[in-house]
Amino acid sequence: MRPYVANIDTLLIVVAQVPQPDWILIEKLILNCHIQNIRPIICINKSDLLSEKEIKEWIYPYKGEIEIAVLSTLSGQGVDELKNMIKGQLACFAGQSAVGKTSILNVICQKDCEVGELSRKIERGKNTTRHVEIFECDEIKVIDTCGFSILETVDIKYDELMYYYDSFVKLQHLCRYPNCTHTSEPDCAVKKAVKSKEINQERYQRYLGLFDELKENWRKKYE
Ligand SMILES: Nc1nc2c(ncn2[C@@H]2O[C@H](COP(=O)(O)OP(=O)(O)O)[C@@H](O)[C@H]2O)c(=O)[nH]1
Ligand SMILES: [Mg+2]
Ligand SMILES: [Zn+2]
């Protein structure tokens, strides 16, 4: 398993305008947090590059379900708010390369770790040992990582995926079938809720994408 990290309280899932978010990957990170009892926080970084409208669109699918921090290490916006959110916790970064994980660590801990690791990473190749260090500052402990391949695979059977979405679980008893996966079944309360915008359309689409992927993985493995 790489990186070697244990006993994390919080996973800071960093997204930014560049590189464009891979929302399915973010869904997977959130699911793994649920499985491992880790508190996920989506950190929308580089807010200086996003319009108010874009920020709203990014927040919307997770509103009320997942905590969100909007920040910019460039302007300093939202940094104190994030620090308050993770006070007393051991937090770890996850997210695509170059979204600004190390930059956020630097502003939180007043450190000067090297940013812009994208090209260096390619130069060094994939199998370089990378050390893991806990930085401590103002009652916050943070760990930088260069990605989280272990959390990018989800060890859930496709027909159990729906149990990890609170808003789906609440409606399940209203579906015709008690084990409805909310995909192709008739009389599905979740699909109705998506239609009436009670459940966010985009989050549901991400669920469907992940469902298909898990189903395909399952088929390859066992059929
Ligand atoms: N515009 C903008 N650029 C940022 C911000 N935070 C980080 N960056 C830039 O994004 C690039 C990648 O940052 P880095 O911290 O190395 O990302 P990491 O690979 O996720 O650790 C660097 O060029 C940073 O200067 C921000 O808030 N706004
Ligand atoms: Mg980095
Ligand atoms: Zn259903």
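Read the figures in this text as sums done on the coordinates, not as results from a lab. Remember, predicted model here, so these are calculated numbers, not experimental data. FYI the Cβ positions are ideal-geometry reconstructions off the backbone, even for glycines, and counts take in every protein chain you see.
With label points built 7 Å along Cα→Cβ from the Cα atoms of E198 and Q89, find their separation and express it in nm.
Here the modelled spin labels are 3.0 nm apart.
Peptides 90-101, 169-180: what's the order by average Cβ count within 10 Å, highest mean first?
Packing order, densest peptide first, comes out as 90-101, 169-180.
For a footprinting-style exposure proxy, rank I104, I30 by other Cβ within 10 Å, fewest first.
Neighbour counts put them in this order, fewest first: I30, I104.
Near the amide H of C43, under 5 Å away, which other amide H atoms are found, from residues 5 or more places off or on another chain, if H is placed in the peptide plane?
So C43 has HN proximity to I13, V14, V15, A69.
Across every pair of different alpha-carbon atoms, what Kirkwood hydrodynamic radius in Å does the chain reach?
18.8
Taking a threshold of 28 Å on the Cα-Cα distance, which of the pairs K63/K170; K28/K141; K56/K191; K87/K191; K53/K195 fall above it?
Beyond 28 Å between Cα atoms: K87/K191.
For I140, enumerate residues with amide H under 5 Å from its amide H, sequence gap 5+ or separate chain, H modeled in the peptide plane.
G88
Hey, what angle do you get for helix 23-36 against the long axis of the chain, alpha-carbon based, 0 to 90 degrees rounded to 10?
Taking Cα atoms only, the helix is inclined about 90 degrees.
For the ranges 197-205, 160-168, 133-141, what's the packing order if you count other beta-carbon atoms within 10 Å of each residue, average per peptide, and put the highest first?
Packing proxy ranking, top to bottom: 160-168, 197-205, 133-141.
I want the local charge near S72. Using Cβ-Cβ distances under 15 Å, sum +1 for each Lys or Arg and -1 for each Asp or Glu among the other residues.
-2
Once the convex hull of the alpha carbons of region 156-222 is built, what does its volume come to per residue, in cubic angstrom?
Taking only Cα atoms, region 156-222 has a hull volume of 78 Å³ per residue.
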